[in-house]
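The block underneath contains the structure these notes are about, expressed in structure tokens.
The values are calculated or read from the model by the stated rules, or taken from the named source; none is laboratory data. Small disclaimer: the values here were computed from a predicted structure and weren't measured. Cβ atoms come from the backbone with ideal geometry, glycine included; neighbour counts cover every protein chain shown.
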């Protein structure tokens, strides 16, 4: 659902919605609204420079003034130094990391929005299917079916080597869909390079440790946890980068978020697909802005 819109049904599954609903009661899509997003964003983006700068300026001013009255030169110097440092902290330009994060967002956002427009123009409501694949640096492709049929539920593994966008996977006219590169393909490749291993060689029970280590090394996320039960895998991680991109996509590309996944969520889905050698689809993907927690639930199928 688009931010700020007021609808009485979910555009993904058609379930009835109440005005105060944050999530669809049927398909679980996160219903981001402008008011809530703005409030949460303020908590995230309000970095520590402002309070630290104000504190140093206040401390420096008080110490400097008292020291001047008492003619304590060393303390006067300390007060003036604190005051100047506080001014510098307040007016320093953004850190290189913030600039790099914004560049990453600005450079990747247009292509992701094009994917959103493609899903919208073709009126594709089915969730994308990550096709299992193996090989170092090879990322599963995502097949988005036109409709759910027996053929589209299990697209051929050979599609991973196809360069086509519109593909037919069965004999019937409705056995069609689009084949897309996973939004998280570059992140997945970086994860494997960091580990020096093909994720297809890592069993699911060891995947959490490897993902957490690789994400920390790349400074993308931390505290990654993975649980699985039968045909469902749940993953939670705390983002340390790309938060701005994740937030913007939830407002600008809701179909992409729900059906294919954002770059980080997509990389996680692709990693699970490679590790289990199974087809993977999203059940839900929720971003908790105040805590930076990304929680996804994936469905596995043979």
Query raised in the report: Among 237, 217, which is the only one that is over 18 Å from residue 134 (Cα atoms) and surrounded by fewer than 21 Cβ atoms within 10 Å (Cβ to Cβ)?
Result: 217
Query - Which listed residue is closer than 11 Å to residue 109 by Cβ and surrounded by fewer than 21 Cβ atoms within 10 Å (Cβ to Cβ), from 252, 245 - result: 252
**Report entry** So residue 188, is it more than 23 Å from residue 155 (Cβ to Cβ) and buried (at least 20 other Cβ atoms within 10 Å of the Cβ)
**Finding:** no
Requested in this report: Return a yes/no flag: does segment 183-191 have any residue that is at pLDDT 95 or above and either farther than 15 Å from residue 274 by Cα or not assigned by TED's automatic domain parsing to the domain that holds residue 219 (or both).
Outcome: no
Report task. Give the residues of segment 170-185 that are part of a loop (DSSP other than H, G, I, E, B) and either in contact with a strand residue (DSSP E or B) (Cβ under 6 Å, 6 or more places away or on another chain) or surrounded by fewer than 20 Cβ atoms within 10 Å (Cβ to Cβ) (or both), sorted by residue number. Result -> 170, 171, 172, 173, 174, 175, 182
Query raised in the report: If you go through segment 143-155 one residue at a time, do you hit one that is in a strand (DSSP E or B) and either surrounded by fewer than 22 Cβ atoms within 10 Å (Cβ to Cβ) or in contact with a helix residue (DSSP H, G or I) (Cβ under 8 Å, 6 or more places away or on another chain) (or both)?
Result: yes
Report summary line: Note on segment 191-207: residues surrounded by 18 or more Cβ atoms within 10 Å (Cβ to Cβ) and touching a strand residue (DSSP E or B) at 6+ places or on another chain (Cβ under 9 Å) are 207
Query raised in the report: Just checking, how many residues over segment 203-252 are closer than 21 Å to residue 189 by Cα and over 18 Å from the mean Cα position of the chain (by Cα)?
Result: 7
